[in-house]
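Engineer: Here's a structure for you.
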Amino acid sequence: MPIQDQRKAGAGRYLRLRRDIPDWLFTSAGVIFPALLILVWWAVTELGLVRPLFLPGPGDVLAEGVRQAREGILWADASVSIYRILAGWLTATVLAVPIGILMGNFRLIEGALEPLISTIRYMPVVALIPLSILWAGIGDGQKILILFLGTFFQQVLMVMDNVKTIDMNLIKAGQTLGFSNREILVRIILPAAAPGIWDTLRITIGWTWTYLVVAELVAANEGLGRRIMDAQRYLATETILFGTLFIGFLGFLTDYFFKRTGRVLFAWNRQRG
Amino acid sequence: MGALLTLDGVGKTFDVDGKPVAAVDSVDLAIAENEFVSIVGSSGCGKSTLLNIVGGLEEATAGEVRIAGKPVTGPGRDRGFVFQGYSLFEWKTVAGNIRFALEKSRLSRAEKAERVEHFIDAVGLRGFENAYPGQLSGGMRQRVAIARALVYRPRILLMDEPFGALDAQTRGMMQELLLRVWGDHKVTVLFVTHDVDEAVFLADRVVVLASRPGRIKREIRVPLARPRPYDIVADPGFVAIKREILSDIREETLKSMQLALGSTERSLY
Ligand SMILES: Nc1ncnc2c1ncn2[C@@H]1O[C@H](COP(=O)(O)OP(=O)(O)OP(=O)(O)O)[C@@H](O)[C@H]1O
Ligand SMILES: [Mg+2]
């Protein structure tokens with residue numbers, strides 16, 4: 001009775017390998033699961049199973065957020081940090097996209113740059129803080145430099161890959177249609193690689209966010225990362241938790257923005273299947 | 001003379017890890033204007049390489065390809081290419097893909113628009129002009145590819161297993177469509193496939209390629225009348241030709257399998 005099998009009753013029918021589930025369920029699952037975690041968190045703290053110093057309750061963390069918002073600290077911190085993130089990531093992007101594209105298309109450029117970049121990208125960014133201060137001082141420039149270093153080297157290799165993985169026959173088609181190399185680059189390779197590059201930008205700005213605390217580790221007066229490091233000194237656990245969650249939240253919004261925009265920009269790429 | 005396309009001792013040797021590997025070897029071929037020639041051969045025997053050389057996308061390491069007497073030195077708009085796999089510009093609509101192929105031609109705006117319209121009809125894509133390739137089925141995508149390759153009116157159409165990824169029914173429909181378009185637009189076709197039925201059904205002449213290195217094993221005329229009905233595959237004349245080609249290919253496949261077996265044996269020591 002194959003038809004019977006297809007219509008398994010109960011939750012089982014939502015747990016079949018690789019099968020799609022209704023959109024409402026997918027979305028609800030994404031809301032309900034975190035909500036459950038918060039509930040557990042709340043219960044654990046409310047029942048006094050852990051000391052508030054180690055884990056304050058969700059209410060306390062939320063109250064800390066409200067306090068920061070009321071006093072204006074939150075906006076001041078957030079705007080400074082967002083500015084640094086954007087500046088660091090944009091500088092990286094503006095350089096990585098063209099360089100990655102060149103590396104993906106010209107073996108000579110790839111040969112010249114790839115070993116170097118592959119090496120640098122394994123260097124721990126934290127270890128570069130002293131140098132970054134030496135080079136860029138202790139102002140915003142140093143923070144932006146750290147974010148740049150944390151982003152650029154990964155980004156450039158990923159963009160190179162995005163370019164390399166496009167269908168070679170598209171380039172051949174361009175040649176048979178009489179386009180010059182320049183035209184093929186701009187009018188075929190670029191648009192073909194664009195969705196992949198956009199995805200790279202989305203993933204790498206996430207990494208830029210994860211470097212925020214490192215960037216604001218030294219000689220910063222404000223910023224979301226700074227706030228967390230300061231709180232460590234006073235053991236203000238709720239400040240640490242709120243700050244961390246808030247950075248995560250901003251990261252989530254960034255990701256959402258990129259996904260939505262990508263869907264609009266590359267609508268042609270979505271209808272597949 | 002008389003031939004539009006001539007291959008004269010064409011060969012291609014690749015350098016694989018410092019060792020020369022012959023993919024195509026001394027291929028001589030003369031193809032008349034408006035002729036439809038199929039090239040069959042087992043996988044990896046050099047069919048794509050040969051077609052790429054004619055297309056000017058790869059350089060031969062020996063011999064010469066001439067079109068109307070002039071040596072081929074690179075890709076040109078006297079040749080259209082339909083690739084193995086679906087190579088469309090995904091970010092352009094059906095009409096956009098076809099129009100893009102006309103960008104380098106000196107036609108007026110109105111003439112270009114008219115050409116695009118004409119070929120949308122010719123390949124039966126009316127109603128889908130504004131669809132993106134991602135919305136189309138495999139057969140429809142290859143129809144766009146055919147229109148894109150023909151819209152600038154090349155003299156020669158090069159096709160590399162264009163229907164290889166399609167299901168049997170769609171493939172049959174596409175073959176008929178191709179023959180119709182070929183009949184209407186008078187173009188010389190060089191069609192690569194590893195499907196013997198397809199090769200015989202379409203062509204005036206079938207070239208069987210031997211493998212490793214790819215060289216011509218046999219040329220067989222297909223004197224079957226046109227238009228050919230789809231059930232001609234059951235016709236005794238068709239079957240006889242097919243049988244000859246199959247035995248050729250089987251011989252080649254066996255040979256290359258023995259070669260492969262021999263080399264694994266050797267590598268065991
Ligand atoms: N760029 C290359 N470098 C090295 N060897 C190559 C290259 N291109 C093709 N070859 C080799 O040349 C031979 C012929 O390849 P080709 O792609 O022309 O075969 P084919 O007949 O089109 O195969 P298929 O039916 O799988 O498409 C193969 O053995 C392949 O490995
Ligand atoms: Mg091939």
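Engineer: Can you work out ³J(HN,Hα) from phi for every residue in the stretch A:258-268, in order, using Karplus 6.51 cos²θ - 1.76 cosθ + 1.60 and θ = phi - 60°, giving whole Hz and x for Gly and Pro?
Structural biologist: Working through the residues one at a time gives 5, 5, 4, 4, x, 5, 6, 4, 10, 3, 4 Hz.
Engineer: Calculate the spin-label point distance for A:ILE21 paired with A:ILE109, positioning each point 7 Å from the Cα along the beta-carbon direction, and give it in nanometres.
Structural biologist: Between A:ILE109 and A:ILE21, the simple spin-label model gives 4.5 nm.
Engineer: What part of the accessible area of chain B, given as a whole %, is carbon or sulfur when the probe is 1.4 angstrom?
Structural biologist: Carbon with sulfur: 52 percent of the solvent-accessible area.
Engineer: Once you average over the residues of A:165-172, how many Cβ atoms of partner chains fall within 10 Å of each Cβ?
Structural biologist: 5
Engineer: Report ³J(HN,Hα) in whole Hz for each residue of the stretch B:102-113, in order, from the Karplus equation J = 6.51 cos²θ - 1.76 cosθ + 1.60 where θ = phi - 60°; Gly and Pro get x.
Structural biologist: 9, 4, 8, 9, 8, 5, 6, 3, 5, 5, 4, 4
Engineer: Nearest 500 deg cm²/dmol is fine: what mean residue ellipticity at 222 nm does chain A get from its DSSP H runs of n ≥ 4 alone, each adding -39,500 (n - 2.57), divided by its residue count?
Structural biologist: -24000 deg cm²/dmol
Engineer: What does the helix-only formula give at 222 nm for chain B: each DSSP H stretch with n ≥ 4 adding -39500 (n - 2.57), the total divided by the residues, and the result rounded to the nearest 500 deg cm²/dmol? Numbers along the way, then the final one.
Structural biologist: Details: 7 runs with 101 residues, N = 269.
It comes out at -12000 deg cm²/dmol, rounded to the nearest 500.
Engineer: Which value, in nm² and rounded to one decimal, describes the direction-averaged projected area of the C-alpha convex hull of the stretch A:71-272? Intermediate results must be reported in sequence, preceding the final value.
Structural biologist: On the way: hull surface 54.1 nm².
Taking the Cα atoms of the stretch A:71-272, their convex hull projects to 13.5 nm² on average.
Engineer: If you put +1 on each Lys and Arg Cβ and -1 on each Asp and Glu Cβ, how big is the dipole of chain A around its Cα centre, in Debye rounded to 20?
Structural biologist: Approximately 920 debye in magnitude.
Engineer: Among A:ILE197, A:ALA43, B:GLY69, whose Cα sits farthest toward the positive end of the charge dipole of the protein assembly as shown (+1 at Cβ of Lys/Arg, -1 at Cβ of Asp/Glu, about the Cα centre)?
Structural biologist: Value computed over the given set: B:GLY69.
Engineer: OK, next. Taking the Cα centre of the protein assembly as shown as the origin and placing charges on Cβ (Lys, Arg +1; Asp, Glu -1), which of A:MET160, B:ILE156, B:LEU125 is farthest toward the positive end of the dipole?
Structural biologist: Going by the Cα projections, it comes out as B:LEU125.
Engineer: Nearest 20 debye, what's the magnitude of the dipole of the protein assembly as shown about its Cα centre given +1 on Lys and Arg Cβ and -1 on Asp and Glu Cβ?
Structural biologist: 580
Engineer: Using a/c under 1.5 as the rounded threshold, could you call the stretch A:1-134 rounded, prolate or oblate? The axes a ≥ b ≥ c are square roots of the C-alpha gyration tensor eigenvalues, and prolate needs a/b larger than b/c, oblate otherwise.
Structural biologist: Here the stretch A:1-134 falls in the oblate category.
Engineer: What accessible area, in Å² to the nearest ten, does a 1.4 Å probe give for A:PHE246?
Structural biologist: 30
Engineer: Averaged across A:174-182, how many Cβ atoms of other chains sit within 10 Å of each residue's Cβ atom?
Structural biologist: Values: counts 4, 7, 18, 14, 8, 5, 1, 0, 0.
Counting Cβ atoms of other protein chains within 10 Å of each residue's Cβ and averaging gives 6.
Engineer: Which far-off residues, 5 or more places away or on another chain, put their amide H under 5 Å from the one on B:LEU4, with H placed in the peptide plane?
Structural biologist: B:ILE31, B:ALA32, B:GLU33
Engineer: So, one more: Show B:HIS185, B:HIS118 ordered by accessible area, largest first, where the area counts protein heavy atoms only and the probe is 1.4 Å. If you can, show how the numbers build up before the last one.
Structural biologist: Values: B:HIS185 25, B:HIS118 85 Å².
Descending order: B:HIS118, B:HIS185.
Engineer: Kindly compute the accessible surface that chains A and B hide from a 1.4 Å probe when together, both sides summed, and give it to the nearest 100 Å².
Structural biologist: For A against B, buried area totals roughly 2000 Å².
Engineer: Counting heavy atoms of the protein chains only and a 1.4 Å probe, report the per residue accessible area for chain B as a whole number of Å².
Structural biologist: Working: 12480 Å² over 269 residues.
Accessible area per residue, chain B: 46 Å².
Engineer: Further, regarding this structure: Applying a 10 Å radius around every beta-carbon, put A:31-43, B:24-36 in order of their mean neighbour count, most first.
Structural biologist: The most tightly packed comes first, giving B:24-36, A:31-43.
Engineer: Quick one: which residues, 5 or more positions from B:ARG205 or on another chain, have an amide H under 5 Å from its amide H? H modelled 1.01 Å from N in the peptide plane, none for Pro or chain starts.
Structural biologist: B:PHE36, B:SER38, B:VAL222
The values are calculated or read from the model by the stated rules, or taken from the named source; none is laboratory data. If you're wondering where the values come from, they're calculated on a predicted model, not measured in any experiment. Here the Cβ is made from the backbone with ideal geometry for all residues, glycine too, and neighbour counts use every protein chain on show. Surface accessibility is based on the protein's heavy atoms, side chains included, excluding ligands, DNA and RNA. Shrake-Rupley method; radii C 1.70, N 1.55, O 1.52, S 1.80 Å.
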